[in-house]
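Below is one structure, written out as structure tokens; comments come after it.
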Amino acid sequence: MFAMSTPFAYTLDSIQERIEGLTPTSRRLSSLRGQFLDSRAFDAQLAQGDPVLYEYYPVHRPEVAGELFSGLTTLYPGTVGGEYFMTKGHFHALLETGEIYSCLSGQGKLVMETPEGTWQVTDMSPGVVVYIPPRWAHRTVNTGPNKFSFFWVCPADAGHDYGSIERQGFRKRVVEQNGSPTLIDNPHWLPPAQRV
């Protein structure tokens, strides 16, 4: 869609929550099997249908140093067993690469951690920009009643390591308790020295 070595522009439609001219990639509930704490609630919800949890519009670039990869992600509202809808979350395959997230609409949390287990959770609302340093895995969680959309940009050669997160999840989880988002410890998370 965009020329390889010339400047280009695209329209980020924050009202329609899309990038004009691109087709979104969807992630359904089934693609997050094993990521929610309550596997019975997950199976029961999946038996009723396989809803789209989030969509993203990637603006692909050559996966080489110097290029930037950007896009728009929209995460829908909902819960599975009281745990808010979330993205898969990932480290970068090139661990020493950072990323920027800028919230356009809705409310959410950005859950982050290092391979060593240092963690941070940042609230996101329109206008909030978060810099995710190198070495920090990241996952977004929709904690509001409406769609949660954000723009992101990272090095095009950063890549994605989903496997590390799929194996044990993040150290902290975001669940609904008494009608409010609450952080809880992930009972499946292990310190690095205890991992197989």
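All of the numbers you see were taken from the coordinates with simple rules; none came from a lab. None of the values given here were measured: they were computed from a predicted structure. Virtual Cβ from ideal backbone geometry, glycine too; neighbours counted across all protein chains shown.
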Cα centroid of segment 55-75 to Cα centroid of segment 137-196, whole Å: 20 Å
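Taking other Cβ within 10 Å of each residue's Cβ, how do Y76, Y84 sort, fewest first?
Numbers: Y76 15, Y84 23.
Listed from fewest to most nearby Cβ atoms, that is Y76, Y84.
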Among G117, G71, G144, residue whose mean-square fluctuation peaks in a GNM of the chain (springs only between Cα atoms under 10 Å): G117
Length-normalised contact order of segment 12-194 in % [C-alpha pairs under 8 Å, at least 6 apart]: 24 percent
Within segment 173-196, backbone nitrogen closer than 17 Å to the virtual label 7 Å beyond the Cα of S39 toward Cβ: 186-190
Charge dipole (debye, nearest 20) of the chain; +1 at Cβ of Lys and Arg, -1 at Cβ of Asp and Glu: 340 debye
Per-residue ³J(HN,Hα) for segment 134-140, Karplus 6.51 cos²θ - 1.76 cosθ + 1.60, θ = phi - 60°, Hz, x for Gly and Pro: x, 6, 9, 5, 8, 9, 9
Proximal lysines to K172, defined as alpha-carbon separation beneath 17 angstrom and excluding residues fewer than eight positions away on the same chain: K88, K109
The chain: most fluctuating residue of E176, E20, E55 per GNM, C-alpha cutoff 10 Å: E20
Kirkwood hydrodynamic radius over Cα pairs of segment 62-171, then Stokes diffusion coefficient at 20 °C and 1.002 mPa s, in µm²/s: 152 µm²/s
Relative compactness, the chain, computed as alpha-carbon Rg over 2.2 N^0.38 Å: 1.02
Volume per residue that the Cα convex hull of segment 59-104 spans, once the total is divided by residue count, Å³: 115 Å³
Cβ-Cβ FRET estimate between A193 and D123, R0 fixed at 30 Å, reported to 0.05: 0.45
Surrounding net charge for E67, when Lys and Arg each add one and Asp and Glu each subtract one, Cβ distance under 9 Å: -1
Environment charge of V129, counting only residues whose C-beta is closer than 14 Å and scoring Lys/Arg +1, Asp/Glu -1: -2
Helical mean residue ellipticity (222 nm; -39500 (n - 2.57) per DSSP H run of 4+; nearest 500) of the chain: -2000 deg cm²/dmol
